[in-house]
Amino acid sequence: MSSEPGVSAPGPVAEAGAADLLIVADPADEVAAEVAGYVGEHGRTALVVDVFDAAQLFTVSVRDGVAEVEPDRPLLLRLPSPPSPRISFDAEFQYNECLAQLWAAAALMTSPVVNRPSAYPAGGRTSPSAALTELRADEEQGGVEVFTSKYPVPGTPEGERLWVEDLGTLRTSPWPERPAGAGPYRARWSDADPAFEMVVVLSGRAWRCTTADLGHLGLEERSVAVAAALDLDLAAIVWRVTEDAGRARLVNVEPFPGLEQLRMVWLGFGPRLLEVLFP
């Protein structure tokens, strides 16, 4: 991988038309910079733009009942979360209008799009609720999940320890410790000292992030199936493995993996990304 990413600065439509790859991401996104540098090493050019610039780059038109998008280039979506709390009504309205234009362009263009939006956004059918994500992925249910505005009080135990997540900071602590933040909270029972395995999936291929002896659990195949069920091309899928390594349960699905996650599997991920974007 390149440590000197050749990222093009956001520019006019002419720059987008000349680029081999368009990456929609926050300007400070490390994955966007790394991918731009990587494709540059392989003779391709990439333009990184945020949601607002991307919305102005694309034109969607319909001729004789056929939708056309200009420019029509391979696209990698790395959509950042909207500001929270709300900055202003006008800012939120502008963001949503730009997102709608980008969604239409990404859904309708003929070029490859990683995590192309369709009936679902670029995050696919994932949900902040782990239980709902499990259900949509057709995976075994992991027990009751509680959402509350106040710090939760344990009910009937369904595991060794109750884990509490602050949904504002996404920090997690074992009850009765309070994670950083002021709530609201998500809580669920799990193991006292859980072990995890992460699998990165890209368009039907999967790579585990460790070399632990877990081949019997078939996590690569299961992760590919989970990504497909959630309408995702790219995802980092986290599994909780029991102490005896006899079972694994779905914990989290991240449709926009971070650079540290992708680095662990880059030898497989990088070449596959080129195959997907430039078939």
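The values are calculated or read from the model by the stated rules, or taken from the named source; none is laboratory data. These figures come from a predicted structure and were not determined experimentally. A quick note on method: Cβ atoms are made from the backbone with ideal geometry, for glycine too, and the neighbour counts reach across all protein chains shown. These area figures cover heavy atoms from the full protein model, side chains too; ligands, DNA and RNA do not enter into them. Shrake-Rupley method; radii C 1.70, N 1.55, O 1.52, S 1.80 Å.
For the residues T169, T133, the requirement of being touching a Ser or Thr at 6+ places or on another chain (Cβ under 9 Å) and more than 30 Å from L21 (Cα to Cα) singles out T133. Note on the stretch 20-47: among residues that are open to solvent by 10 Å² or more (accessible area, probe 1.4 Å) and among the aliphatic types (A, V, I, L, M), the one that is nearest to S111 (Cα to Cα) is A33. In the stretch 213-227, the qualifying residues are those that are open to solvent by 30 Å² or more (accessible area, probe 1.4 Å) and either among the polar types (S, T, N, Q) or over 18 Å from F269 (Cα atoms) (or both), and the one that is modelled with the highest pLDDT is H216. Among the residues of the stretch 38-62, just one is acidic (D, E) and free of Cβ contacts under 8 Å to residues at least 40 places away in the same chain, namely E41.
For (1) farther than 18 Å from L259 by Cβ; (2) modelled with pLDDT of 90 or more; (3) more than 21 Å from the chain's Cα centre (by Cα), each residue gets a yes or a no:
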{"site": "L22", "(1), (2), (3)": "yes, yes, no"}
{"site": "A33", "(1), (2), (3)": "no, yes, no"}
{"site": "G43", "(1), (2), (3)": "yes, yes, yes"}
{"site": "D64", "(1), (2), (3)": "yes, no, yes"}
{"site": "S88", "(1), (2), (3)": "yes, no, yes"}
{"site": "N115", "(1), (2), (3)": "no, no, no"}
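Within the stretch 228-241, can one find any residue that is surrounded by fewer than 19 Cβ atoms within 10 Å (Cβ to Cβ) and aromatic (F, W, Y)? Scanning the stretch 228-241, I find no residue that is surrounded by fewer than 19 Cβ atoms within 10 Å (Cβ to Cβ) and aromatic (F, W, Y), so the answer is no.
Of all residues in the stretch 242-260, those satisfying the criterion of being under 23 Å from Y38 (Cβ atoms) and open to solvent by 40 Å² or more (accessible area, probe 1.4 Å) are E254, F256, E260.
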